[in-house]
Structure formats: structure tokens, C-alpha cells
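Everything on this sheet refers to the single structure shown next.
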Amino acid sequence: LANTHIIGGVGFDINCGVRLIRTNLFEKDVAPVKEQLTQALFDYIPVGVGSRGAIPMSAADLVDCLEMGMDWTLREGYSWAEDKEHCEEYGRMLQADATKVSTRAKKRGLPQLGTLGAGNHYGEVQVVDEIYDKHAASKMGIGELGQIVVMIHCGSRGLGHQVATDALVEMEKAMARDGIVVNDRQLACARIYSNEGQDYLKGMAAAANFAWVNRSCMTFCVRQAFANTFNMQPDDLDMQMIYDTSHNVAKMEEHLLDGRPTQLCVHRKGATRAFPPHHPLIPVDYQLTGQPVLIGGSMGTCSYVLTGTDRGMVEAYGTTCHGAGRALSRSKSRQKIPWSEVIENLKKKGISIRLASPKLIMEEAPESYKDVTDVVNTCDT
């Protein structure tokens, strides 16, 4: 399937991604107000299937959001200027075209801005408990053990799903026309430079912009929750964004192919971009360390911050994993793991949790996922 774009190579939650925000707080500062902070975050950020956001948005705003990405959140006051500098693609895919997003997709996305959703999406307050590379960590503003950071994992919600669903129908028609046969409907594809391929890439870019806006609005809510809990302004808490990585997206990038620089459409489904030091597409702050790569662990376990390498650029087109990966399907997890047991085990570890439905926690129990440390060890070069 050379020179094609494959929907399954991106997935339905377009630009699902992970964002990491640092603070100048430490575990000892948070411990006395842990339950209060947990509840404040839950109050500020709507969660669950069909959740509706608290960020007001008109139909005209949505069009701007789809085409401007984080430039929209900067204009509206939901982001800091530094946030955009520390975001993949600087929070905006320029080829986005809101006219390639259907009315149905826009209708689904309009009420969902600033919402986390369900599944394996989360907002998590974390504690730094190990630093492997002090120089790289210091560049990210991570200086000491016990420091508090916040990780957000979510995507483009119903809007992105509808963009992919709509494109699937059009690509099936294109395959019939072009004589392309695939084994699975989700592998539906179109020639990159066909009308269908270009329309999808423009619609996908718009959905990606929506996802960055969504994470930015949640970042705004996280900052407000911390500010209210600690009676300090977010900037006084040094709540700077370390980085934002995408893991469900396709982008045109230059890579070496048979030793020659070549423009490729790199599909990253459940995979994270990991560019090395000195790459022109990563921020100035990380030119000497490589791009931060955010690897989320399963619930109740650790997460990792890695950096891109030259070897990874050559061997994997600047790509690595985005998380631990499932060991059990969601249906098997529901059958094997009682939700009350999961919550009790988290409490024993001193972890406070809030969720839309306690029974959904079975699907995301630590036992449902591979060991993130084992996974990260396979990525370490």
C-alpha cells in the first residue's frame, strides 16, 4: 500500500496525547490537602463518556479552534505563551481545514471542550521519585526528588472519532475505484495525493488542533484547581508545561530512506514522536537534550520521561511507544478484576482517585497493562 494514507494507522481518537506540567510544590506540600486537591481537579475537569465541558464555545469559535489550534487558546487566555513553545507542532497543524470536518463532527465536539472523556484517559498528580539524567531533567525544570508534576492524557473526543468515521466511508469508495483490497475495514486507505487522501489529512489536522485546544483548556482548569487549593497564582506555582506529545496522528516528515532524505507520511498510532538533539522541529530549550518523550504507566504505577536519540531517528523514524500497552482486553479485565478491589489497592498505596463510574476502573486496573518499566527498558538506547 505504498503512497497511501491508512485510517487505522492513526486511529479514531485523533491526536490523543500526553501533556506534562511541572510545579514548584513537593509531596510534603500536597499531602495535607491531597483529598481537597483531588476533588478540586475533579470539579474543574469533566470526565466520563458524553461529558460536557465548562469552557464556553460558539460555532464560530469552534471553526477558529479547528484551524488555529493553540493560537486560539492564546487569544482567548487559556494558554501561556510558553505552552505553545513546548508543544509538538507548536500546537497547530497548518494544513487544517475546518470545511473538511463534517457538521456531525462539529456538533459532537462543540460541547466537549475541556473534557477528559473515559477509557484510559486521565489527569494525574505525580511525584518525581527518580532522576536518571540531571542535565536533561534540569532543562525541563525537574530539579529534585519529591517534586510535584501533573500529567494529562486525552484526545479529540467525539469530534476526532467522527472525522475518522466520515473518512472511512469516503476511503472505502476510493478503494473500490482504485482497485485496493484490504483485510479489515479499519485498514481503509486512500492515495495520499488523491482528493480523499488530502481531505482526510486536512480534516485530521483540524481534529489534531482540537485535541491540543482540549488539553490546553484542561491545563487552564488544572492551574485554577491548584491556585484555589494553595491560594497562590499558577505562575507563582511555576506551573509551566514541560511538553505535549501526540500519539495518534500522521505527518509529512523528512527521513532517511535507503540513505536518501525523503518526504514520508509517518503514521503514529499508539506511538510517540521522539526526535533527537539538534532536530529543527523541537524547541530551543531541548536542542541539547532531545525532545521530551512522555510515557504514561498504568493506574497506580509510575510514568517515565525519556528523550529522543539519533539512533531512534534512524531505526524507527524518530518514533517510540506512548505507554505500557494492554495485557488484558477491556472485556477480560471486567470479568477478572473486581472494581472494589482495585480501589482498595490504590488506597493502600496512598493514592486518591475520582472517576465518573467506579465500575469502569476495572478496565484500567494495573493488572490490565504490561509493566511500564519493562516496556521502557526496551526503548532505552
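Listing for the model above:
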| quantity | calculated |
| --- | --- |
| Odd one out for residue 281, checked against (1) modelled with pLDDT under 90; (2) not in a helix (DSSP H, G or I) | (1) |
| Residue match in region 139-151 (condition: more than 23 Å from residue 201 (Cβ to Cβ) and assigned to a helix (DSSP H, G or I)) | yes |
| Exclusive hit being buried (at least 24 other Cβ atoms within 10 Å of the Cβ) and out of contact with any strand residue (DSSP E or B) (no Cβ under 8 Å at 6 or more places or on another chain), set 249, 284, 213 | 213 |
| Residues located in region 89-129, provided they are under 30 Å from residue 30 (Cα atoms), charged (D, E, K, R) and touching a strand residue (DSSP E or B) at 6+ places or on another chain (Cβ under 9 Å) | 124 |
| Some residue of region 36-49 being crowded, with 17+ Cβ neighbours inside 10 Å and among the charged types (D, E, K, R) | no |
| Filter pass, residue 300 being in contact (Cβ under 8 Å) with a residue 12 or more places away in the chain, in a loop (DSSP other than H, G, I, E, B), crowded, with 21+ Cβ neighbours inside 10 Å and touching a helix residue (DSSP H, G or I) at 6+ places or on another chain (Cβ under 9 Å) | no |
| So residue 127, is it within 30 Å of residue 364 (Cα to Cα) and either surrounded by 18 or more Cβ atoms within 10 Å (Cβ to Cβ) or at pLDDT 95 or above (or both) | yes |
| Of all residues in region 4-32 being over 18 Å from residue 182 (Cα atoms) and of a type in the set (S, T, N, Q), the one that is surrounded by the fewest Cβ atoms within 10 Å (Cβ to Cβ) | 24 |
| Of all residues making up region 167-205, the number that are touching a residue at least 40 places away in the same chain (Cβ under 8 Å) and touching an Asp or Glu at 6+ places or on another chain (Cβ under 6 Å) | 4 |
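The values are calculated or read from the model by the stated rules, or taken from the named source; none is laboratory data. Given the structure is predicted, the values throughout are model-derived calculations rather than measurements. No Cβ is skipped: glycine too gets one built from the backbone with ideal geometry, and neighbour counts run over all protein chains shown.
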